[in-house]
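Okay, structure first, notes after.
All of the numbers you see were taken from the coordinates with simple rules; none came from a lab. Keep in mind that what you see is a predicted model, and the values were worked out from it rather than measured. Because the Cβ atoms are built from the backbone with ideal geometry, glycine has one as well, and the counts that use them run over all protein chains shown.
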Amino acid sequence: MFHIVSKILTFFLMPAGIIFILLIYAISTKNRTKSKKIIIVTLFFFYLFTNPFLVNEILLLWEIPPTAISTVKPHDIGIILTGNTINTTRQPAENIYLTGTSDRIGQTLQLYKLGKIKKILISGGDVPILRKTTTREIDQIARYLILNGVTRKDIYLEDRSTNTHENAVNTSKILKKQFPDQSYILITSGFHLRRAIGCFKKVGVKLTPYGANYVSSERQWVLTYFLPSGHAIGYLQLTLREIIGYITYWVFGWI
């Protein structure tokens, strides 16, 4: 229920939700002058929300900067968080469909191959109430890693978590029980690192953060970078949703 309510409430705080509400108001009002003003305001917000340069600036401020992989010291455990890395709704189920934040898997694989991590702990369970799936994301990630050379005995699964707070709580129990006093590195998306770091710190786990799936880019001063883009509004919604999530976790005392 928490997941459904949060998604519905978040929608109205997102760019698409704001534009939707403004347009509904513009259509429903009988005052033509007011309607025109609302439409102008809507167009203004539309440009801001779809402006690649402005959105990228927000991303650069929010995302934890990338770490050069050559500077990463060897760690005992690499913790990778699930979350839209695999399309688990497609058939045939034997195939592995990388999507969304799957760079988390790629970065984990690189760290393992380069000897930066010895073992991999995948954390994340499914939320069946949100959608029907044909496979489990955590199992598909493990399969992909094994197919690409990771030894099965080096992979551990934590499949009960349904959000970042639970990732930290459940993973900390495994670390304290099976891998106490070892070094840990956390792999998740750059835009998600702040919340993830806060959650793990809250439960007393000291780790090294390592970003993946960066959606920001280096600052560019080119004309096309100021033209409206569908990708921009998608990235903005992604970032704003994460910021709202961070604030919510802070209110709940999870970070």
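Below are the figures for this structure:
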quantity	calculated
Normalised convex hull volume, the chain, alpha-carbon set, Å³ per residue	152 Å³
Other-chain or far-sequence residues with amide H under 5 Å of I155's (modelled H)	I120
Backbone HN-Hα couplings from phi across segment 205-213 [Karplus 6.51/-1.76/1.60, Hz, Gly and Pro as x]	9, 8, 8, 9, x, 9, x, 9, 6
27 Å Cα-Cα threshold exceeded, pairs from K132/K202; K116/K201; K132/K177; K132/K201; K153/K206	K132/K202; K132/K177; K132/K201
Top of I64, I38, I105 by mean-square fluctuation, Gaussian network on the chain, Cα under 10 Å	I38
S216, S28 arranged by Cβ crowding within 10 Å, fewest neighbours leading	S28, S216
C-alpha long axis of helix 164-178 to longest principal axis of the chain, angle in °	10 degrees
Neighbour-count order for I79, I185, fewest beta carbons within 10 angstrom listed first	I185, I79
Top of I80, I141, I21 by mean-square fluctuation, Gaussian network on the chain, Cα under 10 Å	I21
With at most 16 other Cβ atoms within 10 Å, longest stretch of the chain clear of loop GluC sites (Glu not before Pro) (DSSP)	95-217
Net charge of neighbours whose Cβ lies under 10 Å from the Cβ of V203, counting Lys and Arg as +1 and Asp and Glu as -1	+4
0 to 90° range, to nearest 10: angle between helix 2-11 axis and the chain longest Cα axis	40 degrees
Residue exposure sequence - R160, R194 - by fewest surrounding Cβ within 10 Å	R160, R194
Net charge contributed by nearby residues that have their C-beta within less than 9 Å of I138 (K/R +1, D/E -1)	-4
